[in-house]
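First the structure, in the form of structure tokens, and then the observations on it.
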Amino acid sequence: MMYSRLQKTTDSMYQDLTLAISSVAVMLFATSPVATAATGDVASSTLDEIIVTATRRETAVRNVARSISVVNKNEIQGAQQMLGFDEALARVPGLYMQNRYNFAQDLKVSLRGFGARSSFGIRGVRIFVDDIPESLPDGQAQVDSIDLGSTSRIEVLRGPASSLYGNAAGGVIAVYSELGSDPSYVEAGLAGGDYGYRRQQLKAAGGNGSVQYMVNASSTDLDGYREHSSANGRSINAKLAYRPTDHDELQLTFNNTDQPRADDAGGIDAAQMALDRRSARSLNILFNAGEALNQQRLGAVYKTDRSGGELMLRNYYVWRDFESLLPFTDGGAVDLQRFYYGAGAQYTFRELGPQQLQLTTGFDLDRQDDDRQRFDNNDGAVGNKVFEQNEKVDSNGVYLLARMPLSGNATVSAGLRYDRVFFDVDDTFLSDGDDSGELEFDHWSPSLAVQYTLGPRMMFASWSSSFETPTTTELANPDGSGGFNESLQPQLADNFEIGFKSSHESLSYELSIFHIDLEQELVPFEIATSPGRSFYSNAGSSSRDGVEAALSWQGQSGLSAELSYTWSDFRFDEFIDAGQDYSGRQLPGLPEHFGYVSLTYASGSGFTASVETLFSGELYANNGNTTSVGSYAVSNVRLEYSLQRGAWRFRPYLGVNNVFDEKYASNIRVNAFGGRYYEPAPELNIYAGLAVTFSKDARAR
């Protein structure tokens, strides 16, 4: 069985645009504070207090000439199930997520349309954890190893950012783990709920002088809403910081993730969904479709801050063993042994010359080595080997970023990066011929932005580019042969954007309007002989227009509210595939409208109640736009109480998902063969938990 080898480690490791724009504009300018620059009578901006680092240097949010969102620890961990980081990131405009409940396919993440094509994992969006890449050199990423139970902050850089991070940077999600301080504490958590949800967690963190640490172990099990959708996993996440001087810091991070079972219920058609929402696709059951994985990540980041500037060095190593069973016979069993690693350096000059020019320069060197084998899947049993090859990817990039104040309150920023991505495949299954070969892609990625600041308000205009190579998986040949599909080319994008940000006292808000031109967009399709497996082709061109708005309000009575809204019009401009002309059609898998609203009450006595609603408009399931998927709105409620008794803190919580029992699909499989587009989402379900913290100092937590 596919799980036999990895099972051994289980026990030991754990929806009118004008109206929308007008409404937002009125709201923005009607509520903007009056700034009197001469007297300095300007309310203090909380955006000055939020520092982000996903921009490659520490910068206050209000000084970033890009659209960026920050999610804090309480939004990530507070009374959440922590099944996936879409629970916390649903509030981020422009970020559309699906597939929380299929752990074999992983969370589907789309930023301004980048990543929407993915059938599993994440494409077109760069993921980082504690400054270490979770994305592979070929641009693919998974988030199954991210430990939400010890995550303190997530930054989302919305829009192409290849001038910062190179290949597949249609957006950036940067995750940062907690780090302890003095006094130390120990926290234990236990949670359970419907559909067999069970979670245990044990965390210890602290610090003493120059050393800070955090270690978290967690275990999650889920029987699943649908037939054949169970999953379980164990994780250990650790972080250590050593500061020998006030100017130097070394951070060491380690993560071990063991997921010995993640069943794939598969996509079903509309008729089957209407008959039985909880059913799985019959072939997925027959072939025991699912996956198992084990991964270790080790990283080191050294930073030093001197009078001339700041230096950062990083080095990391990741080992990943992966096994998968797909719902077909020929090559339906996959065994992948992956090792990827890399290093990088970055130096930021503090200020140069009388113009106060700030320069950041650096390089990234990343390597990927995959040993991939395929076997026949004989009704869930691994059969004869039919495919074997070694795939290597080398990704090298060098970049230069500049920021300079202009006269008055204006600042100009620019960036330029050069990347070379080299693919090498060595076919070692020679009975059907030698399909070895090489592919090489290189690209220059520039960016330019101007921002103007007046008191607590900031406006910016920017242009940036990105490129995205096919991944090793997407380069698979539809004819079943080995080697790479040499007809595929990188996807290229130009992003034009204007934005507005403001924050004062209890109110902060932002508005972004963007236009993206894409050439050679990579789009997925399925074929009859390999159902459930995606292959890829290049569309001629497409364009994306969108508006993103967000508002956050904090009242003095303990009430707070958040609101975000996204409108998008993503279309193929020129696209002919297999004789079918899809020009003018909308990109499938993405709604025209989606949004989020939440209302929270936090009393002074430790009680917190929150209700949130996520809305998703109608979308199309295929390139031809012949099948539409209806809109939905899902509401969730969370209740939490914090009680301090001496050195002990007790935090019981209760959550109700899908309060109004909305019937919707949590994931749409784009262009799925046979109309099997739908993965139904769970109905109303409840979970509850308790976290207990001990610290000698009662103020510690």
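One residue stands out in the stretch 553-596 among those that are among the aliphatic types (A, V, I, L, M) and closer than 20 Å to ILE513 by Cα: the one that is surrounded by the fewest Cβ atoms within 10 Å (Cβ to Cβ), namely LEU563. Scanning the stretch 164-177 for residues that are crowded, with 24+ Cβ neighbours inside 10 Å and either of a type in the set (D, E, K, R) or over 13 Å from the mean Cα position of the chain (by Cα) (or both) returns LEU164, TYR165, GLY166, ASN167.
For PHE349, the stated conditions do not hold, so it cannot be described as of a type in the set (Phe, Trp, Tyr), in a strand (DSSP E or B), more than 30 Å from the chain's Cα centre (by Cα) and at pLDDT 95 or above.
Part of a strand (DSSP E or B), surrounded by 14 or more Cβ atoms within 10 Å (Cβ to Cβ) and out of contact with any Asp or Glu (no Cβ under 8 Å at 6 or more places or on another chain): does that describe THR613? It would help to see each step written out before you state the result.
Working: part of a strand (DSSP E or B): yes; surrounded by 14 or more Cβ atoms within 10 Å (Cβ to Cβ): yes; out of contact with any Asp or Glu (no Cβ under 8 Å at 6 or more places or on another chain): yes.
Judged against the criteria, THR613 is a match.
Examine the stretch 567-587 for a residue that is hydroxyl-bearing (Ser, Thr, Tyr) and within 27 Å of the chain's Cα centre (by Cα), and state whether such a residue exists.
Pass one, the stretch 567-587, residues hydroxyl-bearing (Ser, Thr, Tyr): 568, 582-583.
Going one step further and asking which of them are within 27 Å of the chain's Cα centre (by Cα), we end up with 568.
For the stretch 567-587, residues hydroxyl-bearing (Ser, Thr, Tyr) and within 27 Å of the chain's Cα centre (by Cα): present.
Condition first: aliphatic (A, V, I, L, M) and in a loop (DSSP other than H, G, I, E, B). Now tell me which residues in the stretch 137-189 satisfy that.
Step one: filter the stretch 137-189 for residues aliphatic (A, V, I, L, M), giving 141, 143, 146, 148, 154, 156-157, 161, 164, 168-169, 172-175, 179, 186, 188.
Those that are aliphatic (A, V, I, L, M) and in a loop (DSSP other than H, G, I, E, B): VAL143, ILE146, ALA161, ALA168, ALA169, LEU179.
Here is a yes/no grid of residues against (1) under 27 Å from ASN315 (Cα atoms); (2) out of contact with any strand residue (DSSP E or B) (no Cβ under 7 Å at 6 or more places or on another chain); (3) surrounded by fewer than 18 Cβ atoms within 10 Å (Cβ to Cβ):
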| residue | (1), (2), (3) |
| --- | --- |
| LEU222 | no, no, no |
| TYR225 | no, yes, no |
| SER235 | yes, no, no |
| ARG243 | yes, no, yes |
| LEU250 | yes, no, yes |
| PHE254 | yes, no, yes |
| GLN259 | yes, no, no |
| ILE268 | no, no, no |
| ALA271 | no, yes, yes |
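Residues that are closer than 30 Å to SER163 by Cα, in contact with an Asp or Glu (Cβ under 7 Å, 6 or more places away or on another chain) and small (Gly, Ala, Ser) within the stretch 361-409 comprise SER395, GLY397, listed in sequence order.
From the list GLY115, GLY180, the lone residue that is surrounded by 24 or more Cβ atoms within 10 Å (Cβ to Cβ), touching a strand residue (DSSP E or B) at 6+ places or on another chain (Cβ under 7 Å) and not hydroxyl-bearing (Ser, Thr, Tyr) is GLY115. Pairing each residue of the stretch 272-283 that is among the polar types (S, T, N, Q) with any residue that is surrounded by 14 or more Cβ atoms within 10 Å (Cβ to Cβ) and part of a helix (DSSP H, G or I), provided the two are 6+ apart or on different chains, yields C-beta distances under 7 Å for SER279/GLN272. Scanning the stretch 640-659 for residues that are touching a Leu at 6+ places or on another chain (Cβ under 9 Å) and charged (D, E, K, R), we see that the one that is nearest to ALA79 (Cα to Cα) is GLU640.
Among the strands (runs of 3 or more DSSP E) confined to the stretch 226-331, the ones with at least 2 residues that are farther than 20 Å from GLN105 by Cα and among the small types (Gly, Ala, Ser) are located at 231-245, 290-305.
The values are calculated or read from the model by the stated rules, or taken from the named source; none is laboratory data. In this text, all values refer to a predicted model and were calculated from it rather than measured experimentally. Glycine gets a Cβ as well: all are built from the backbone with ideal geometry, and neighbour counts include every protein chain shown.
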